[in-house]
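S.K.: My questions will all concern the structure given below.
The values are calculated or read from the model by the stated rules, or taken from the named source; none is laboratory data. None of the values given here were measured: they were computed from a predicted structure. Neighbour counts run over all protein chains shown; Cβ positions are idealised from the backbone, glycine included.
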Amino acid sequence: MKRLAIVATLAAVAVASADSSIVVLALPDLLARFDTSIETVSWVISAYNLAVAAAAFALGFAARRLDPGPAAAAGGALFLLASLGCAAAPGIGSLIALRSMQGLGAALILVAALPLLRSLASTPERASTLWATAGVFGAALGPSLGGLITELLGWRVIFVAQAPVAALFLTAVLGRPVSADTAPTSTVAPRGRRAWAAGAGLVLVSGALVALLFLAVLELIDVRGYSPLAAGAAASTVALTALAATPLAGLSAATEAGALLLAGGLAGMALVPGPGIVWSVAAFAVAGFGYGLAVPGLARNVADGRRLAAAGGATSVALRHAGLVSGLLLLTPLLASNLVAAGDRAELRGIAVALDAPADISTKLQLTFDLAPLLAASERAAVPDFAAATSRKGRGVAAIGRQVDAAVRATLTGGFRRSFLLASLLALLAAAVMSLRGGFSHRAWLVPATALGLAAALLAADLAGGASTYGTTPALAKPCLDGPSVTGTSTDASAQRAVLSALSFLSCRLHETREQLVANTARHGIAAETFIHTLLRLARLRALLTLN
């Protein structure tokens, strides 16, 4: 029975941790099902993490009066009911509210699980290790597990599948006596600078994980066009490598090494060299291994920094989820603004590819009619599949459609670059903070230096594969300089050059008019912002003709 209780508790900890990211790959389905905005549906994730962080923070203050047994049972019951409620949610508002309730139940489970495991495991250190490892594995497995369930069974089954785990945990803890939580969490509990460094490192690493567990899988599905099943399979690399790294998490300087590897993997995601998934899987593997090295040690250090196990667990859970929420608040606005700019560049690049394609007028007109319905949609959850839309429209149209699709997706992939690099910087800051906790011995820097070398090797491989050019901003020639790019001596080519030259002339004149109007506005204070905006949109005609 003791072994069953341990297994049930670890499974509950893993599921509660996985719920931070398990619905990431279901967001497009939720967006379509409830006909809402992206900002609203993102609260399905944010509400859960905010509830866990706030509840764990409050539980830390009440640790002395917290009885782990009843707290664990209450958390299991609340998590069970909220999971079933989420599965049956009739609207987005009720789903967000139930996710908040689920987060409260998860906080009770995560906080009470540590003293519960201490009463079951052979030593307090063993309990802390099991507790931290289950949390790391669950969080890393969340996106891939959610993608698999969403693809095969639908998003509601994600929550249905959690109910048996919560029920098993509730059955295991009901009536089980838990010894009073008065003994130190560890005989070598860190104090002072070490504890503060561990806490700050946990927040920073958790913030960086947003890019690993959220943004990366969204990029694979919504921008690069992979199915949730394929993206989930790629993301499962994170869980596998994290689990492989956890036995090494107790080594000297393992947390610093893990943070550096995490930074290297995230930088690799920023510098993806092409549309293939192999490089992404390699970056997932490096980042996941770093995650598995860093987070278990940080979580244990934070938990062991408090005298009571419940207080230590509450502090660790609160800091980890506060870092996730902070990462969401920091990275997602940056991504949103970058994607708006990338969308404009992708539109220009795609049209330029179509205009410059070596095809006759009829083929280009057919392409226009085929792509117009996709471009007319005012709001989309993912990038239109131009290749699929033209695949059966003739060899010429299909070839141009594939080129347009590749150009648009490459440009939008570049829109994720800054968010990944910022997440990489957060991981580097975590490594810097953690390096200050215990001096600067040469041995302490050996493992981080090795990890940094591996990260540099990954970046060098990415750059060698073309990462410096893939998804970069298309070069826009200055108006009124370059002419049409269509070549050839046929009547069709001559006609295209004549039409493009006329449009080029018009765009040039509009550009000159706009420049003059801007000068007059600055000199005379003329209120012509609306007119200038209209001219700017018309002046893009010239840009469309001069992209290479």
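Yes/no matrix, rows are residues, columns are (1) under 19 Å from S326 (Cα atoms); (2) modelled with pLDDT of 85 or more; (3) out of contact with any Cys (no Cβ under 6 Å at 6 or more places or on another chain):
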site	(1), (2), (3)
S37	no, no, yes
V41	yes, no, yes
V44	yes, yes, yes
L84	no, yes, yes
A107	yes, yes, yes
A113	no, yes, yes
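S.K.: Something else: Being surrounded by 24 or more Cβ atoms within 10 Å (Cβ to Cβ), assigned to a helix (DSSP H, G or I), among the β-branched types (V, I, T) and at pLDDT below 85: is that true of V217 here?
M.R.: On the way: surrounded by 24 or more Cβ atoms within 10 Å (Cβ to Cβ): yes; assigned to a helix (DSSP H, G or I): yes; among the β-branched types (V, I, T): yes; at pLDDT below 85: yes.
Criteria met by V217.
S.K.: Next up: Quick check, is A318 part of a helix (DSSP H, G or I), among the aliphatic types (A, V, I, L, M) and either in contact with a Phe, Trp or Tyr (Cβ under 9 Å, 6 or more places away or on another chain) or farther than 24 Å from L425 by Cβ (or both)? Steps first, please.
M.R.: Details: part of a helix (DSSP H, G or I): yes; among the aliphatic types (A, V, I, L, M): yes; either in contact with a Phe, Trp or Tyr (Cβ under 9 Å, 6 or more places away or on another chain) or farther than 24 Å from L425 by Cβ (or both): yes.
Yes: the conditions hold for A318.
Let's see how each residue does on (1) at pLDDT 85 or above; (2) crowded, with 19+ Cβ neighbours inside 10 Å; (3) outside the structural domain of A303 (by TED's automatic domain parsing):
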{"residue": "R126", "(1), (2), (3)": "no, no, yes"}
{"residue": "T129", "(1), (2), (3)": "no, yes, yes"}
{"residue": "W155", "(1), (2), (3)": "yes, yes, yes"}
{"residue": "I158", "(1), (2), (3)": "yes, yes, yes"}
{"residue": "Q162", "(1), (2), (3)": "yes, yes, yes"}
{"residue": "F169", "(1), (2), (3)": "yes, yes, yes"}
{"residue": "A183", "(1), (2), (3)": "no, no, yes"}
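S.K.: Being farther than 18 Å from V160 by Cβ and within 24 Å of the chain's Cα centre (by Cα) is true for just one of A134, A73, A121, A106. Which residue is that?
M.R.: Details: A73 fails: within 24 Å of the chain's Cα centre (by Cα); A121 fails: within 24 Å of the chain's Cα centre (by Cα); A106 fails: farther than 18 Å from V160 by Cβ.
The unique qualifying residue is A134.
S.K.: Going by the structure shown, is V7 among the β-branched types (V, I, T) and surrounded by 20 or more Cβ atoms within 10 Å (Cβ to Cβ)? Spell out the reasoning first.
M.R.: Working: among the β-branched types (V, I, T): yes; surrounded by 20 or more Cβ atoms within 10 Å (Cβ to Cβ): no.
So V7 does not fit the description; no.
S.K.: Give me the pairs: first residue in the stretch 70-97 and under 22 Å from L10 (Cβ atoms), second residue hydroxyl-bearing (S, T, Y) and in a helix (DSSP H, G or I), beta-carbon distance under 9 Å, and six or more apart or on different chains, which are they?
M.R.: A72/T9; G76/T171; A82/S100
S.K.: Any idea which residue in the stretch 155-172 is nearest to D19 (Cα to Cα), counting only those that are among the aromatic types (F, W, Y) and part of a helix (DSSP H, G or I)? Spell out how you get there, then give the answer.
M.R.: Residues of the stretch 155-172 among the aromatic types (F, W, Y): 155, 159, 169.
This time we only want the ones that are part of a helix (DSSP H, G or I), so: 159, 169.
Values: F159: 9, F169: 16 Å.
So, considering only residues that are among the aromatic types (F, W, Y) and part of a helix (DSSP H, G or I), the one nearest to D19 (Cα to Cα) is F159.
S.K.: Given (1) within 19 Å of M434 (Cβ to Cβ); (2) free of Cβ contacts under 8 Å to residues at least 60 places away in the same chain; (3) not charged (D, E, K, R), where does G264 come up short, assuming only one miss?
M.R.: Just one mismatch for G264, condition (2).
S.K.: Give the residue, chosen from G105, G76, G138, G60, that is closer than 17 Å to L4 by Cα, crowded, with 18+ Cβ neighbours inside 10 Å and out of contact with any strand residue (DSSP E or B) (no Cβ under 7 Å at 6 or more places or on another chain). Let's see the steps before the verdict.
M.R.: Values: G105 fails: closer than 17 Å to L4 by Cα; G138 fails: closer than 17 Å to L4 by Cα; G60 fails: closer than 17 Å to L4 by Cα.
Being closer than 17 Å to L4 by Cα, crowded, with 18+ Cβ neighbours inside 10 Å and out of contact with any strand residue (DSSP E or B) (no Cβ under 7 Å at 6 or more places or on another chain) holds for just one of G105, G76, G138, G60, which is G76.
S.K.: Which numbered condition trips up I22, out of (1) over 20 Å from T315 (Cβ atoms); (2) aliphatic (A, V, I, L, M); (3) not in a loop (DSSP other than H, G, I, E, B)?
M.R.: (3)
S.K.: Same structure, new question: Taking the condition crowded, with 17+ Cβ neighbours inside 10 Å and at pLDDT below 80, does T413 pass? Show your work before the answer.
M.R.: Details: crowded, with 17+ Cβ neighbours inside 10 Å: yes; at pLDDT below 80: no.
So T413 fails the test.
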